[in-house]
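Remarks on the structure that follows.
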Amino acid sequence: MRILMIAPPGAGKGTQGALIAAHFNIPHIATGGLLRDHVERQTPLGLAVQEYLDRGELVPDQIVLDMVREAMIAAKAAGGGYVLDGIPRNMAQARAAYEIGLELGMTADVALHLQADDAELTRRLMARAALEHRSDDTPEVIAQRLALYYDVTAPILAWYRDRGILVSVDAMRSADEVGREILVALEAMRPFLEHVPGQERFVLDLTSLGEAFGATGSAASASE
Ligand code: ADP
């Protein structure tokens, strides 16, 4: 199973990425976590990226891509599956990640998109700020990260839709409910993924199922 996740900050990429990784026994490659780890250990890379993280800006593409290439090579040695969380964040990264995938014979099977509206995302990020003290969970930096998501990250969804690998899920529910829906969808797709090339697949939009699965708000009306 090779999955990449695209979602605004606060939608639950980290939580769902960890769940998927545990379920399929594949590595969870989370760029934000890897970068924060470098900052914490004050490595040269950490010192170089700290300001970008604090300001809620994207760190230079090449830094993230080098880090991800290394993690993908390790994932290949570990069996070839992965969950990418936090990359791609712009079109250049999407193309570069695809190139790395082609080169290693492990392009993504599924682009998993988690949808939630801004009010809910901001609420979750502020709640997390009280617990985790991440330097980028302040109201100003949260607004900056959300704006950046709509400007440069959300537009790449169309590219995955065209490639036939986009799966959209309504993330306006509890982590348990969202997680269950994701695993059900991925398990249902699994036999199919091995036999049907991406271009011949149908895009899966599960966001309208939200209500049936107990959604409390309408992510379907959230702008992309
Ligand atoms: P969130 O999705 O909540 O913003 P992440 O942990 O994914 O959290 O990312 C935190 C920060 O790490 C980003 O604001 C950015 O500065 C940096 N970052 C993570 N992934 C990338 C990436 N692919 N390209 C550039 N910067 C990144």
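The values are calculated or read from the model by the stated rules, or taken from the named source; none is laboratory data. Keep in mind that this is a model prediction, so the values were computed, not measured. FYI the Cβ positions are ideal-geometry reconstructions off the backbone, even for glycines, and counts take in every protein chain you see. Protein only, heavy atoms only, side chains kept; ligands, DNA and RNA dropped before computing areas. Shrake-Rupley method; radii C 1.70, N 1.55, O 1.52, S 1.80 Å.
Return yes or no: is Met72 more than 23 Å from Tyr149 (Cα to Cα), over 15 Å from the mean Cα position of the chain (by Cα), within 16 Å of the ligand (Cβ to nearest atom) and surrounded by 15 or more Cβ atoms within 10 Å (Cβ to Cβ)? Considered against the rule, which asks whether it is more than 23 Å from Tyr149 (Cα to Cα), over 15 Å from the mean Cα position of the chain (by Cα), within 16 Å of the ligand (Cβ to nearest atom) and surrounded by 15 or more Cβ atoms within 10 Å (Cβ to Cβ), Met72 comes out as yes.
Here Ile29 does not fit the description of being crowded, with 22+ Cβ neighbours inside 10 Å, within 17 Å of the chain's Cα centre (by Cα), farther than 28 Å from Ala130 by Cβ and not hydroxyl-bearing (Ser, Thr, Tyr). Filtering the stretch 127-138 for residues that are at pLDDT 95 or above, surrounded by 15 or more Cβ atoms within 10 Å (Cβ to Cβ) and within 13 Å of the ligand (Cβ to nearest atom) leaves an empty set.
Residues that are open to solvent by less than 10 Å² (accessible area, probe 1.4 Å) and more than 9 Å from the ligand (Cβ to nearest atom) were ranked within the stretch 5-15; the one that is nearest to Val68 (Cα to Cα) is Met5.
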